[in-house]
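None of the figures in this text is laboratory data; all of them are computed from the coordinates on show. All values derive from a computational prediction rather than experimental measurement. No Cβ is skipped: glycine too gets one built from the backbone with ideal geometry, and neighbour counts run over all protein chains shown.
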Amino acid sequence: FDSYQKFEKAKKENRPLQLEAMPDKGKVRPGETFWLHLVAFLEEGWHMYSLEKQSDDETVATRIELEALVFDPQGHWQEMPPKLVRDDVMEKIMKIHSGRVEFTHLFSVPKGLKPGAYPLSGTLYFRTCDNRICTLPQEMMFKTHVIVIVEAGEPG
């Protein structure tokens, strides 16, 4: 699997975060909806911040941007419930994620979309911290490894 090879390569680069992206359905029809799951794996001792703005510093909040969408986004990104912790770097209580973190976004398939394979890709903007130091703002591109196939026909 390509995703496993990329995961192993990122692990070897000794980054505190690895990233996977995948839709919840392999096949959808025009008019249907599906969820995109973006899962980050942080090394033990490291954390990243919530999607919610918590500081005047724009680089603190995690941000997700998608590229050239064929599908229609429904609402905003959702995140699993963050933990409230005393962040010694920021010197205040912050909403953070550690370990396995999942972000999700709902999309609908346009009714007139032709059958075919369509990729979903984008960029995760984040900072990782270990409660002593934080990395500079980073960005990591992602692309689904399971291609969404659009089939002709009405939703079933």
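The table for this structure:
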item	result
Cleavage-rule hits (trypsin sites (Lys or Arg not before Pro)) in region 98-141: DSSP loop, at most 14 neighbouring Cβ within 10 angstrom	Lys111, Arg132
Karplus-derived 3J(HN,Hα), 6.51/-1.76/1.60, for each residue of region 135-142, Hz, glycine and proline x	6, 5, x, 10, 9, 9, 7, 9
Bins of 5 Å, starting at 0 and running to the largest distance - Cα pair percent for region 30-146	2, 10, 21, 22, 16, 11, 8, 6, 3, 1, 0
Environment charge of Val70, counting only residues whose C-beta is closer than 13 Å and scoring Lys/Arg +1, Asp/Glu -1	0
Diffusion coefficient, µm² s⁻¹, Stokes-Einstein with Kirkwood Rh over alpha-carbon pairs of region 39-84 at 4 °C and 1.567 mPa s	100
